[in-house]
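For reference, the structure discussed in these notes is given below.
Every number in this text was worked out from the coordinates using simple rules, so none of it is lab data. Bear in mind that the values here come from a model prediction, so they are computed numbers and not experimental data. Cβ coordinates were reconstructed from backbone atoms using ideal geometry, including for glycine residues, and neighbour counts include every protein chain displayed.
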Amino acid sequence: MKQLKKNLRNGLLAIGLLAMVACGNDDVEEVTYSPETEAAELKSLIENLTTEGYDVDTTSVGVYYVMTAEGDGEYVQPGDSIGIAYTGYYTNGYVFDSTSSMDDGIWRYVPTNTSLIEGFSDAVNHLREGGKGTFIIPSSLAYGSTGYYSIPPYTTLVFDIELVAIYPDESTL
């Protein structure tokens with residue numbers, strides 16, 4: 001997983017460096033967020049991962065993912081209570097959210113009772129209990145053209161997610 005994260009970061013740093021060199025301008029320019037820049041960044045990221053030998057799959061709604069541990073439990077069913085550990089970061093590696101700050105590093109919730117971005121919900125549904133994966137969520141399945149607090153518009157998000165447990169009922173939450 002660390003190697004995957006390193007490859008994600010290095011690929012995007014290389015793209016940024018090439019863009020800066022190509023401009024030939026010593027002035028610092030403000031980043032422009034647009035569907036075109038996101039599409040180019042996402043395409044390059046997926047190509048780099050594939051070149052590095054990762055098997056990048058895509059869900060039916062458009063989330064890209066690499067499974068790092070398949071897990072041997074069940075998939076999440078509607079109404080299940082679950083516990084997950086995750087880290088959310090930008091494609092440059094900057095972490096914007098993580099369960100590591102929680103007491104035991106696990107977020108417990110009932111997916112059908114919790115409002116989440118579509119891409120995150122889709123990602124969790126692709127994990128078996130005990131499974132882990134890295135999920136690349138385009139902005140169209142996250143915060144889109146408006147962004148959200150510190151997340152800029154047209155920003156692809158990356159999540160490392162582990163489905164730690166499926167609990168028998170909400171009393172475990």
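Quick look at the values:
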quantity	calculated
Selection from region 108-124 of residues that are surrounded by 14 or more Cβ atoms within 10 Å (Cβ to Cβ) and either β-branched (Val, Ile, Thr) or under 15 Å from Leu157 (Cβ atoms) (or both)	Val110, Ile117, Glu118, Gly119, Phe120, Ser121, Asp122, Ala123, Val124
Answer residue from region 124-151, given it is of a type outside the set (Gly, Ala, Ser) and more than 15 Å from the chain's Cα centre (by Cα) and is farthest from Val63 (Cα to Cα) among those	Tyr149
From Ser140, Ser115, residue being assigned to a loop (DSSP other than H, G, I, E, B) and out of contact with any Lys or Arg (no Cβ under 6 Å at 6 or more places or on another chain)	Ser115
Evaluation of Asp122 against (1) at positive phi; (2) assigned to a helix (DSSP H, G or I); (3) not aliphatic (A, V, I, L, M) (one fails), failing number	(1)
Pairs where the first residue, in region 112-128, is free of Cβ contacts under 8 Å to residues at least 12 places away in the same chain and the second is of a type in the set (Ser, Thr, Tyr) and part of a helix (DSSP H, G or I), C-beta under 9 Å, 6+ apart	Thr114/Ser121
Subset of region 78-107 that is free of Cβ contacts under 8 Å to residues at least 24 places away in the same chain and under 20 Å from Tyr143 (Cβ atoms) - its residue that is surrounded by the most Cβ atoms within 10 Å (Cβ to Cβ)	Thr99
